[in-house]
Amino acid sequence: MLPRSQIWLLAVLGAAAVMSAVSGRLNPYWLDVAMGVGINIILAVSLNLINGFTGQFSLGHAGFMAVGAYTSAMVTTVLGSRLGLSPVLLRWGLFPVSLVAGGLLAGLAGLAVGAPSLRLKGDYLAIVTLGFGEIIKVILQNLNAVGGARGLSGIPSYTNLFWTFTVAAVTVYVVWGLLNSTYGRGFLAVADDEVAAEAMGLNTTRYKINAFVVGSFFAGAAGGLYAHLKGYISPTGFDFNKSIEIVVMVILGGMGRHLGVIVAAILLTVVQEPLRKLGDWRMILYALLLIGLMLTRPQGLFVWPLKRRNA
Amino acid sequence: MTELLQQLLNGLSLGAIYALIALGYTMVYGVLRFINFAHSDVFMVGAYLGFYLAPRVGSGTILGGMLVLSGAMAGCAVLGVLIEKLAYRPLRNRSTLTVLITAIGVSLLLQNLGQKIFGANPKPFPAIFPVTQLHFGGLTVSSNQIIVLLVTLVLLGTLHWVVNHTRMGTAMRALSFNATAASLVGINNDRVISFTFALGSALAGAGGILYAMNYPSIDPLMGTLPGLKAFVAAVLGGIGNLPGAALGGMLIGLVETMVSGTRASTFRDAIAFAILILILLFRPAGLLGRLRVEKV
């Protein structure tokens, strides 16, 4: 008998495959929203590993998403045209490879950014990742090979329900499995009390960097999905506001809570469209939401009386 | 040679502005141990206060310019104290992560309210001081640059006096050494923290005006990059260390101006970031950190 978490994973994968098979009959608008939900679940759950479970604060999740999006788009557009593969192989073979490539490069960027800043106690990561988000924009705007400020267009639309929810399920599975492993308890220990964790013999820097790199990897994969969903990416599409959107999902759902964050990701993506009518007021609402939640309900909006994690 | 001197001068006047902003970061870090993300947006509000004050006080003269400058500083001081009272004070004994997220929320709020109230489009900043170009040999010095340097010097001098020679300054230093001990000897921590925010925000307001004088196009998101660079300056000098912040600001300004003069100029915004990574790797305490006991 398989462990329960693996049954869940298989069930979601099966559902994704079935949904994908009938997706041609679905309303294309809702199909788009559903894939957006999947991508945001990946982003929120992976950020939750960093911000929630490990207690570090990253403000550059959109930057890592950008790295992944550009990498995977370059893989499918440049390699895709040269390899001369059949369309089926491109969609089912090269595309997942490009997602992994995007994730790996994003993870590498995460290592480069995280290693210097996570060695130290204090909130350096927040400002370094904020800087990273700005810098990646500057770099992408100056790289003519990826379209510069004009952005990259003509990306094939390989993203479908199956890939989106497969990656989402894998993300949830990995994060959940990681945290429930013997090793993973260390993440929670670092979040609860870094000094105490260190005194227990944990290499806290190692834990922080590992959480950050794994989180960045999945952000990169989500970026790849996003690029192949929209067909067009530009440096300004991955700005600070995008990072904040993901942060709001994590905080609304409750930092360090599995289900709450997923619910928040779904909720915020679905209400995104009506919220768009608010225009500029949307970000003001997000800002007030952040401040209000921190002042009154720092544990998040959806807190169920589940069994408490034992610190 | 004149080219180099010219760049040096440009770098110093840019660095002076970074120094003013960096001082606010470092002071707040000294007393509360968290990064005040909203600081860069107080800087932006300072520039807009100048924009709206300038036509009302009849600027364009030295006196008018000083009025605009002090008005913006006063407005920012009030804003800083308000932010602290409403958003940070209720979180006094919570984890720094909670305060940090709140600070990001406040920053986001100021930026987006700014876009609503001031409009998202860049606005031309008026000349609030009389502008002339002075020539020394081959060197071109704009009067604005001299004003930036003079104002910065005066403000730094005043700050030094306040921190080292007044009762409030002594209280600030005591608080940054040990907040609990400070309250035990009868210091009203909340009042000192309010004062620190007022002081830091006033400097940011002055920085906003001076920045807008030299780059006369202002928009609600203008604070992000200078704020980021000023933070790097504060870390470079040693966060929590006042002379360090001033020195760090000057250095960042110089390096950035020197890079702008080369072919890598499109990457000039990335320089501060590279410096930050290098400091964190090799000297996380900053240039002057640890060497001095004075921490505010």
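The values are calculated or read from the model by the stated rules, or taken from the named source; none is laboratory data. None of the values given here were measured: they were computed from a predicted structure. Virtual Cβ from ideal backbone geometry, glycine too; neighbours counted across all protein chains shown. Calculation scope for accessible area: heavy atoms of the full protein, side chains included, ligands and nucleic acids excluded. Shrake-Rupley method; radii C 1.70, N 1.55, O 1.52, S 1.80 Å.
Brief remarks follow.
- Phi-derived couplings, Karplus 6.51 cos²θ - 1.76 cosθ + 1.60 at θ = phi - 60°, listed residue by residue for region A:167-182: 5, 4, 5, 5, 4, 4, 4, 5, 5, 5, x, 4, 6, 9, 8, 4 Hz, with x used for Gly and Pro.
- The protein assembly as shown - percent of accessible surface contributed by carbon and sulfur, probe 1.4 Å: 67 percent
- Distance between region B:43-66 and region A:176-216 - C-alpha centres, whole angstrom: 51 Å
- Under a model in which nothing but the beta-carbon of Lys, Arg (+1) and Asp, Glu (-1) is charged, the protein assembly as shown shows a dipole of about 860 debye around its Cα centre.
- Taking θ as phi - 60° and the Karplus parameters 6.51, -1.76 and 1.60, the scalar couplings of region A:16-28 work out to 4, 5, 5, 4, 4, 5, 9, 5, x, 8, 7, 4, x Hz in sequence order, x denoting glycine and proline.
- Less than 5 angstrom separates the built amide H of residue A:152 from those of A:233, A:234, all sequence-distant by 5 or more or on a different chain.
- Working note: Karplus 6.51/-1.76/1.60 with θ = phi - 60° gives region B:193-207 the couplings 5, 4, 4, 4, 5, 4, 4, x, 5, 4, 5, 4, x, 4, x Hz, where Gly and Pro are set to x.
- Evaluated at q = 0.05, 0.09, 0.13 Å⁻¹: base-10 log I(q)/I(0), Debye formula over Cα of the protein assembly as shown: -0.23, -0.73, -1.40
- Between region A:159-175 and region A:229-302, the alpha-carbon center distance in angstrom: 20 Å
- Cut-off under 5 Å, modelled amide H: who pairs with residue A:59 long-range: A:129, A:130
- For chain A: rounded, prolate or oblate by the Cα gyration tensor [a/c cutoff 1.5]: rounded
- Legend: distances between Cα atoms for A:242/B:229; A:208/A:230; A:230/B:229; pairs beyond 28 Å are A:208/A:230; A:230/B:229.
- The residues of chain A expose, per residue, 43 Å² of accessible area to a 1.4 Å probe.
- Accessible area buried by the pairing of B and A, both sides summed with a 1.4 Å probe, works out to roughly 3500 Å².
- The H on the amide N of residue B:60, modeled in the peptide plane, is under 5 Å from the matching H of B:65, B:129, each at least 5 residues off or on a different chain.
- Bins of 5 Å from zero: percent of alpha-carbon pairs in region A:178-311: 2, 8, 13, 19, 19, 17, 11, 7, 3, 1, 0
- Take the Kirkwood radius over Cα pairs of region A:218-267, plug it into Stokes-Einstein at 37 °C and 0.692 mPa s, and you get 275 µm²/s for translational diffusion.
- Charged-residue dipole, Cβ positions (Lys, Arg, Asp, Glu), region A:4-238 about Cα centre, Debye nearest 20: 500 debye
- Between A:260, A:90, A:8, the Cα set farthest toward the positive side of the dipole of chain A (charges on each charged residue's Cβ, about the Cα centre) is that of A:8.
- Residues of region B:203-261: accessible area per residue with a 1.4 Å probe, Å²: 21 Å²
- Neighbour count of at most 16 Cβ within 10 Å plus DSSP loop: longest trypsin sites (Lys or Arg not before Pro)-free window in chain B: B:95-289
- Signed unit charges on C-beta, dipole axis of region A:4-238, positive-most listed residue A:65, A:218, A:160: A:160
- Along the axis of the charge dipole computed for the protein assembly as shown (Cβ charges of +1 for Lys and Arg, -1 for Asp and Glu, origin at the Cα centre), the listed residues B:95, B:76, A:104 are led at the positive end by B:95.
- Per residue of the protein assembly as shown, the DSSP helices (runs of n ≥ 4 H) give a summed -39500 (n - 2.57) that works out to -23000 deg cm²/dmol at 222 nm.
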